[in-house]
Every structure is written in C-alpha cells, then in structure tokens.
Amino acid sequence: MKNDDNTEVMVNMNKTLFLLMFLLSVFLIPNLQAQGLNLGPQVGFQKADDAEDGNFLLGAALRLKFSKALGIEGSINYRQEDFGPNLTVRSWPVMVTGLLYPLPIVYGAVGAGWYNTTFDFDTAAADVDETKQEFGWHFGAGVELPLGSKTKLAGDIRYVFLDYDFDEIPFRDVDSNFFMISAGILFGL
C-alpha cells in the first residue's frame, strides 16, 4: 500500500512539474530572450563516497542569465549507484543552482536539490524497496563556452552534500555525498 501511495504522489508531482514547465515556456520564455535563456541536454559522471563505482548520469538543464555576472539554473537528472552487492540507489535529482560569473566564461555554482530516491535492498533474508525524498546542498564551478550566437557548451564539477536516511534497510551507515562532472549543450531560446 505504501508503494501505491508513493507512486500516486510521484505521478501528481510529475504532472505538476510538466504543467509548470509548459506554463513557463508559454508565458515567460518569449519575454526573456534578451536576458539569455538556454535549454539543453546534460551528460555526466558521478560517484558517491561509499559507492562501489561511479556511474553516468543523464538529464536536462534550463539556464537563465539575469546579467553578465548573475544567473540561475534548474536541472533534472537520472542517476544510479550501487552500495555493495545488495543495495542499489536510483534517484531523480531536481536542482536549482545560483550562478556567479566572475569572468564571462567562468562561473561559480551554489544551490539546493530535491532528490526523489528509490532504495532497492535485496538479500536472501529481506527484499526491501523504499522510495523517499531527500534534500541536499551543492557547490562547484564551471565554464560556459560559446559555440555560436545562440549555442553554448557548459561543463562543471559539483560536490553534493546528501544524507540518505536508510530507515527500513538493515544496512550500515553510508557516506552518500557525491561529486558530479557534467557537460551539456545549451541552446538559446
């Protein structure tokens, strides 16, 4: 019953997110062209401190520059990691990041993220699937290189502070903080 409730919450949140993105694209984007609004795909690599191996991530970013020195980015990605042979963690982070440009192509990043996370713990004694939401912070730096008049190549590294709370999983404490290196092509809207 708990997984059905979580599934319904996820469906409602996804509908709300897509409606919000649609409304922003219809009403807000046409008025922001002069201020530098960009949208594009992201790929990257991430590794949690206690995870066995690093993994690739895939997502999208929407970036708005308010001025030459300030901007904001919203992004959503998919990532998966293994903590030992029995625990797999999948998450869909939704991050909001403030961007400070000390130079036209170099930026510092600081922000917060909401991590919808599923824990799959499988052993002979127990089979636990738990989905929950976690909040985390991140900081980092990157570069944004123009590829033309309306296209940019962006790449950065970020460190994320995320404390997974394994309530129903009989597992040791793990350090789930992670770093991520990402690159993306941003198309001007």
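Points to keep in mind about this one:
- Of the trypsin sites (Lys or Arg not before Pro) in the stretch 113-162, the ones in a loop by DSSP (not H, G, I, E or B) with at most 16 other beta carbons within 10 Å are K150.
- Listed by chain and number, the lysines whose C-alpha is less than 25 Å from the C-alpha of K152, apart from same-chain residues fewer than 8 away, are K65, K68.
- In straight-distance terms, cross-link reach from K132 covers every one of the lysines whose alpha-carbon lies under 27 Å from its own, apart from those fewer than eight places away in the same chain; here that gives K2, K15, K47.
- Given their separation in residues at 0.36 nm each and the Cα-Cα distance between them, T151 and L103 gain 15.5 nm when the chain is fully extended.
- Shape call, the stretch 35-188: gyration tensor on alpha carbons, a/c limit 1.5: prolate
- Formal net charge of residues neighbouring G142 (Cβ-Cβ distance under 13 Å; K, R +1; D, E -1): 0
- Local charge for Y159 was computed over the other residues whose Cβ lies under 12 Å away, with Lys and Arg +1 and Asp and Glu -1, and equals 0.
Read-outs throughout are calculated quantities, based only on the coordinates presented, and are distinct from any laboratory measurement. These numbers were taken from a predicted model, which means no experiment stands behind them. When we count neighbours, we look across all protein chains shown, and the Cβ atoms used for this are built from the backbone with ideal geometry, even at glycine.
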